[in-house]
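The values are calculated or read from the model by the stated rules, or taken from the named source; none is laboratory data. The shown structure was predicted, so the numbers you read here are calculated from the model rather than taken from an experiment. Methodologically, a virtual Cβ is constructed for each residue, glycine included, from the backbone with ideal geometry; neighbour enumeration extends over all protein chains shown.
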Amino acid sequence: MKTQCQQYAATQVATADRLQLVVMLYEGAISFLRQAQEKMALKDVAGKGLYLGKALDIIAELNASLNFQEGREVATNLFHLYNFMTAHLTRANINGDRDAVEEVLGMLVQLKAAWEEVCKKVRPGEPAESLDAAVEAPRQHLGSLVV
C-alpha cells in the first residue's frame, strides 16, 4: 500500500508537464547526491554506491531525453555535461572523491535553477514555439558550465 507521500509524488509526476518533469529529475539527482555525501561522511561504502547509482540513473535519463533537433546548442552542451557528470561520479564512486560529488552537485543545482526559470517563462498550454524564447535561460547558465 502506498503511503500518502508516495501518492502525492505519483500525482505530481502524473500531472507535470515535460519542463516540470526535468526540474523534478534534477531535484531527485540533487537529493541522491546529498544522501551519497552523507554516506561518504559515515564511510558507508554500500550506501554511497547506492545513492551515487541512483543519481547516475537520473543523469542517464536526462541524457537519453535530450532532443537535439529542437534543443540544438543547448542539447549538445547538456549532452557533454551529462557525460562529464557520469564519468566524474563514476570516478568519485571508485575513489571516494567527495570533491567530485560536490562539483557535480553544484552543476546540477545551477541547471535546476535554469530550468526553473524556463518553467516560469512558459505558461501551461502555450505552443512549443514559446520554448524558443525560454531556452535562453539555460543557455545563459550553461555558459559557465560548458565542458
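Go through (1) over 16 Å from MET107 (Cα atoms); (2) surrounded by fewer than 17 Cβ atoms within 10 Å (Cβ to Cβ) and name the single condition HIS80 misses.
(1)
Among the candidates VAL74, VAL101, which residue alone is modelled with pLDDT under 95 and surrounded by 17 or more Cβ atoms within 10 Å (Cβ to Cβ)? Before the answer, list the steps.
On the way: VAL101 fails: modelled with pLDDT under 95.
Matching residue, one of VAL74, VAL101: VAL74.
May I ask you to list the residues in the stretch 37-48 that are in a helix (DSSP H, G or I) and within 10 Å of GLY96 (Cβ to Cβ)?
Residues satisfying the conditions are MET40, VAL45, LYS48.
Tell me the residue from LEU33, LEU62 that is of a type outside the set (D, E, K, R), more than 13 Å from ARG98 (Cβ to Cβ), modelled with pLDDT of 95 or more and surrounded by 15 or more Cβ atoms within 10 Å (Cβ to Cβ), please.
Numbers: LEU33 fails: more than 13 Å from ARG98 (Cβ to Cβ).
Testing whether each residue is of a type outside the set (D, E, K, R), more than 13 Å from ARG98 (Cβ to Cβ), modelled with pLDDT of 95 or more and surrounded by 15 or more Cβ atoms within 10 Å (Cβ to Cβ) leaves just LEU62.
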